[in-house]
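Here the structure comes first, spelled out in structure tokens, and everything after it is commentary.
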Amino acid sequence: MRLEFLENGPIRLEGKRFRIRMGEREEVLERPRVFLCRCGGSVNKPFCDGTHKRIGFQAPGGVLEVED
Ligand code: FES
């Protein structure tokens, strides 16, 4: 698994199929990537809704790789 922390923005997670569970909400998304909020400002958590640009979120970019 590879997480990419976009500079001043969300976390990009690549895959094929994502199962999201938050509280009572469960959703399966079939898409090549999702963008997860790390600024805390999204009204559509856990997904980024672009709010990070409006609030001037700043954080360095980076990568986290999980090795087997
Ligand atoms: S990182 Fe984009 S809305 Fe939070």
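The values are calculated or read from the model by the stated rules, or taken from the named source; none is laboratory data. These figures come from a predicted structure and were not determined experimentally. Cβ atoms come from the backbone with ideal geometry, glycine included; neighbour counts cover every protein chain shown. For accessibility, only protein heavy atoms count, side chains too; no ligands or nucleic acids. Shrake-Rupley method; radii C 1.70, N 1.55, O 1.52, S 1.80 Å.
General observations
- Counting heavy atoms of the protein chains alone, residue 35 has an accessible area of about 70 Å² for a 1.4 Å probe.
- Label-point separation, residue 8 to residue 68 (7 Å along Cα→Cβ), nm: 3.9
- Hypothetical label at residue 59: residues of segment 1-37 whose amide nitrogen lies under 20 Å (7 Å Cα-Cβ projection): 1-15, 20-23, 33-37
- Tensor-based shape of the chain (alpha-carbon gyration tensor, a/c under 1.5 rounded, otherwise prolate or oblate): oblate
- Accessible-area composition of segment 2-53, carbon plus sulfur, in percent [1.4 Å probe]: 46
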